[in-house]
Amino acid sequence: MAIKLKNRERPKAESSKKMLIRKECTERKKKSTGKRKGSGFIPKSIYLHESSYNHFEELAKYFGYQLGTKGLSSEQLSMLVHFLLDAYKKTESACIPLTYDGHYLYRIHNILKYRSKTMRDTTKELAEFMIECKYPVPMKSSALGECRNNSKYLWTNQIAQSLLDKDLVNKQIEKLNREATSIPYDNELDAPFDDELDAPFDDELDPSFEDEDEIDFNTDYFQ
């Protein structure tokens, strides 16, 4: 038999539900923030005119990004910002990626380099960090050669070591650039980061929860 809540008890139940949702959102955001900081990213909030945001979306589609129902994620926007900075800086020692897969490969290389040089991680610790943070292995990278496997998150010492090699990564980006066309293509990865951590908070579940979109700037280029 269904038990109906008295009118005075219903607000308490709704309040408890909101508190639980807020707690879950806070825990998710804390976990996501820890992952990004551990990857060497600095969180910054920016505000864009609609026309500027639309230009970012057009650029993302051109490079083959897959957009969610709410548009660009903060991670995708961050990768586009990195591309524009590289194109502006025109670093001679680096090949500027012109595809989604190249952008992601470049990002992974910088994460591994940060963990290796700044955090002093061993190759084994690099692989463990990438697995723990659920960074997908760049499946389209022929640079992995025999090290590649078919698991999305199965990082190995050999894969981590290969993607630390600047020259090897540059050659792979050049290859991806040559294969690129102006027609967007389907990516093997639905998103460059774990869907749960990168998903925006649902305002419909808790309208009182405020969350600012963040862009993660990592100015560590190929040196």
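On full extension of the chain, what length is gained from residue 88 through residue 49, given 0.36 nm per residue of separation minus the C-alpha to C-alpha distance? Kindly include the intermediate steps, with their values, before the conclusion.
Details: separation 39, 0.36 × 39 = 14.04 nm, distance 2.14 nm.
So the extension gain works out to 11.9 nm.
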Of the GluC sites (Glu not before Pro) in the stretch 12-101, which ones lie in a loop per DSSP and count no more than 10 other C-beta atoms within 10 Å?
92
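What number comes out for the charge environment of residue 121, summing +1 per Lys or Arg and -1 per Asp or Glu over other residues with Cβ under 14 Å away? Don't skip to the answer; put the middle values down first.
Numbers: positive: 113, 115, 117, 120, 124; negative: 125, 128, 132.
Cβ neighbours under 14 Å give a net charge of +2.
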Length gained if residue 139 through residue 31 is fully extended, taking 0.36 nm per residue and subtracting the Cα-Cα distance, is 36.4 nm
Once you put a point 7 Å from the Cα of residue 69 and another 7 Å from the Cα of residue 124, both along the Cβ direction, what distance in nm separates them?
4.4 nm
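Coordinate-derived values only; no laboratory data. Quick caveat, the model's predicted, so the values are computed rather than measured. Neighbour counts are summed over all protein chains in view; Cβ atoms, including those assigned to glycine, are modelled from backbone coordinates with ideal geometry.
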